[in-house]
Amino acid sequence: MTVQDATAGAAPATHRKGKPALSEGKKAERRLGLWLCAPAFLVMIAVTGYPIGYSIWLSLQRYDLRFPAQHEFIGFANYAAVLTNSYWWTAFGTTMFLTVVSVVIEFVLGMALALIMHRTLVGRGLVRTVALIPYGIVTVVAAFSWYFAWTPKTGYLADMLASGAAPLTDQWPSLFIIVAAEVWKTTPFMALLLMAGLALVPEDLLKAAAMDGATAWQRFTRVMLPVMKPAILVALLFRTLDAFRIFDNIYVLTNGAQDTGSVSMQTYDNLVKGLNLGIGSTMAVLIFLTVAIIAFLFIKVFGTAAPGSDDGGKR
Amino acid sequence: MGKYRSGRSPARAMAGLGAALVASGLIAGCGSSSGLKINVYYSPEDHFQSVVDNCNKAAGGQYQIVYNKLQRGSDDQRIQLARRLAAGDDSMDVLGLDVTWVPEFAQAGWIDEWTGADQAAASAGVLAGPLKTATYQGKLYAAPKNTNVQLLWYDDRITPRPPKTWAEMMRISQQLKGEHKPYSIVFTGAQYEGLVVVYNTLVESLGGHILSDDGKSVVMDEGAVQALQLLKQVTSSGITDPSLTNQKEDDVRRSFQRGDAAFELNWPFVYASYAEERPQDLAHFKWAVYPEAKPGAPAKTTIGGYDLAVSSLSKHKPEAYAAALCLRSAENQKYSAINDGVPPTIESVYHDDRPLDPGKPASADNPNMAVKYPMRETILDALRTAALRPLSPAYQNASTVMSKVLSPPSEIDPRATADKLREQLDDALQSKGVIP
């Protein structure tokens, strides 16, 4: 989805640049290409476009499964109800906080891990495999082990704290435990994506910089980071969008108590538990819009480094 | 050659299996003349399949009940049932409903009213409280299968005499704390239905009301405010478990079983677990009726349990009613009580002293209610004064709002919290606005 957005956003730009008139053969070729793409395009519309369209349609109605008689079209009243509700904004703030903090920590740790794995001389395959283990564990299973570890009397982590402390029953400690669980799980994924970026950095460039007297830090910030820009964009974008939809860790660790719920949990509670299709779909649409905005901002900030654009990575 | 063989033997096995399937189908066909299947969707209960088998035998081939296990969590159960019913799934015949869902399912038109002889059979001899859980707007919508009521559990080595009131319980707890003995009062304090159950019990015990009797408007009277006061007092004076706001039924049970607590407020299932996991201490694991919130007035504990309803989409309604009636017959309720620890809804079962196999004397292998269910009289006492949760089709919303506003209970500000509840419950009842 997001990669496509990126492509869609970047394509016209390249179009405008490469203006020269196409030959007849080229045009025919392009038409054929479009026809060949059409079935895939239609399938995409059916499997992603239809559900999105349907939830937008539902979000404009008062539609509670338990009160079928009161089903009616109400325009944007659901949006007004959600956007003026303090529970929604609390959940939104919590989600934003979790997203930003966990992605920043993951990026720093992931970069460090990637540099280490990139330079590993012995047992490189083993090191990479081991680093990926947390990512391979089912999130809910991992979340349960965090849950028990932080519960007094059953867990070693909670028992290291002052006696009687139950961190999962307070808002801030809970939020940090959720961040820790997220970071623990997805740092390896981040590291892997960044390592792919590191492979793009030519050795010659680094050697040349070293010859010119650049320190290690300068080589990192002036050479490696710019060359890695597309890889960094992909890693951050994927993780940010993933983190924004956080559900399972919170569901297990606190179940949203003490204002630790995310927007996804609130949508689930309203849509699935509350059987309120109108309000629930409204929330789903709002999440969708937020995700689209995040993706858009990323592409803007990183500019032409967007994957899919022709001069990606070049400065 | 080797390849040829190994390719062939599975085929042979498949053929054999196919033949066996056909044969078993034929045999089953012979047994039941119509081959009519009644699908029962009910929560997982260890020995419920035996009950189903009994009923299949009793049906004499008229129909065959199939037990489809729902998920373990009651929220998940409700969601599965509601989703399928809303989508018009007609493959479900008998539905096991938690007592709080009956008004909701009835209002949505997903379950049928019980009338005539079925209604008479479903309500005969049933205790008043459990019967009310199956009733909505004066009509019977389900047959009460099993009920549930919380008791006070304690260890008679720590407290030889159980407290009679909340005030006494808190006093003893403080005293035990001073003596460095297990002192805490454990109950379901997590932000979920369990907390609402505790609050509802306190409100009812203090003579208050959360909603009006028809479930259509918010009351939140003086009793409801006093209950908030009491809940705050208990949870803010350091005599509850540190994990209180994260504890559900099973966490509470484990916390007591580990010996961390002096008093446990929980459903009777804890007895069977205790018997299994700490048999050496079972003799000291005692129970009493729920402590009184208002001294002198018996506590009105909140009723739980399951009711069996017939789906309005079922294609075999007469058989579905018959099957539901059999599954919750007095005999089968006794069986479930003894084997699965779920309290019966039919009063006479509590006084039934015949063992499972009436031909032989009662023993550990052939138990009767007295052997496996020693707390039956206490449960019966509690049921006589028990209270219901508000009977409203929007109960789920109301409950979500209440658990949110009440959590964490130590930060309740009685007046302000009551105002907040009044305002948010009003929206929830009309399924308006956002639930937390």
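The values are calculated or read from the model by the stated rules, or taken from the named source; none is laboratory data. Here the structure is a predicted model, which means the values were calculated and not measured. For neighbour counting, all protein chains shown are included, and Cβ atoms are generated from backbone atoms with ideal geometry for every residue, glycine included.
Of note:
- Taking region A:217-304 as the region of interest, none of the helices (runs of 4 or more DSSP H) fully inside it holds 3 or more residues being surrounded by fewer than 17 Cβ atoms within 10 Å (Cβ to Cβ) and touching a strand residue (DSSP E or B) at 6+ places or on another chain (Cβ under 6 Å).
- Residue that is farthest from the other protein chains (Cβ to nearest Cβ) [pool: residues in region B:396-436 that are more than 22 Å from residue A:263 (Cα to Cα) and touching a strand residue (DSSP E or B) at 6+ places or on another chain (Cβ under 9 Å)]: B:422
- Listed by first and then second residue, the pairs with beta-carbon distance under 8 Å, at least 6 apart or on different chains, first residue in region A:148-167 and assigned by the TED database to the domain that holds residue A:178, second β-branched (Val, Ile, Thr) and outside any helix (DSSP H, G or I), are A:148/A:154; A:158/A:151; A:166/A:151.
- Hey, residue A:215 modelled with pLDDT of 90 or more and over 26 Å from the mean Cα position of the chain (by Cα) or not: yes
- The residues of region B:162-197 that are of a type in the set (Lys, Arg) and more than 14 Å from every other protein chain (Cβ to nearest Cβ), listed by number, are B:164, B:171, B:181.
- The set of residues in region B:255-283 being in a helix (DSSP H, G or I) and charged (D, E, K, R) consists of B:276, B:277, B:281.
- The numbered conditions (1) within 14 Å of another protein chain (Cβ to nearest Cβ); (2) crowded, with 16+ Cβ neighbours inside 10 Å; (3) in a helix (DSSP H, G or I) are all true for residue A:172 except (2).
- Only residues that are basic (Lys, Arg), surrounded by fewer than 15 Cβ atoms within 10 Å (Cβ to Cβ) and not assigned by the TED database to the domain that holds residue B:311 were counted in region B:131-179, giving 3.
- Residue B:392 vs. criteria touching a residue at least 60 places away in the same chain (Cβ under 8 Å), surrounded by fewer than 18 Cβ atoms within 10 Å (Cβ to Cβ) and small (Gly, Ala, Ser): no
- Residue selected from region A:56-94 under the condition in contact with a Pro (Cβ under 9 Å, 6 or more places away or on another chain) and aromatic (Phe, Trp, Tyr), by the criterion farthest from residue B:103 (Cα to Cα): A:87
- Extreme residue, farthest from the chain's Cα centre (by Cα), among residues of region B:358-413 that are among the basic types (Lys, Arg) and in a helix (DSSP H, G or I): B:404
- Residue pairs whose Cβ atoms lie under 6 Å apart, sitting 6 or more positions apart in sequence or on different chains, and linking a residue in region B:81-110 that is within 13 Å of chain A (Cβ to nearest Cβ) to a partner that is of a type in the set (Val, Ile, Thr), are B:105/B:111.
- Residue in region A:71-91 that is of a type outside the set (Val, Ile, Thr), within 14 Å of chain B (Cβ to nearest Cβ), in a helix (DSSP H, G or I) and within 16 Å of the chain's Cα centre (by Cα) present: no
- Hey, residue B:219 surrounded by 24 or more Cβ atoms within 10 Å (Cβ to Cβ) and either of a type outside the set (Gly, Ala, Ser) or assigned by the TED database to the domain that holds residue B:174 (or both) or not: no
- Matching option when the condition is closer than 30 Å to residue B:95 by Cα, in a helix (DSSP H, G or I), basic (Lys, Arg) and more than 14 Å from chain A (Cβ to nearest Cβ), among B:300, B:334: B:334
- Qualifying positions in region B:123-144 - at pLDDT below 95 and either within 18 Å of residue B:319 (Cβ to Cβ) or within 14 Å of another protein chain (Cβ to nearest Cβ) (or both): B:136
- Of all residue pairs spaced 6 or more apart or on separate chains, those with beta-carbon atoms under 8 Å, a first member in region B:253-264 that is away from chain A (no Cβ under 12 Å) and under 16 Å from residue B:169 (Cα atoms) and a second member that is in a strand (DSSP E or B) and small (Gly, Ala, Ser) are B:262/B:184; B:263/B:184.
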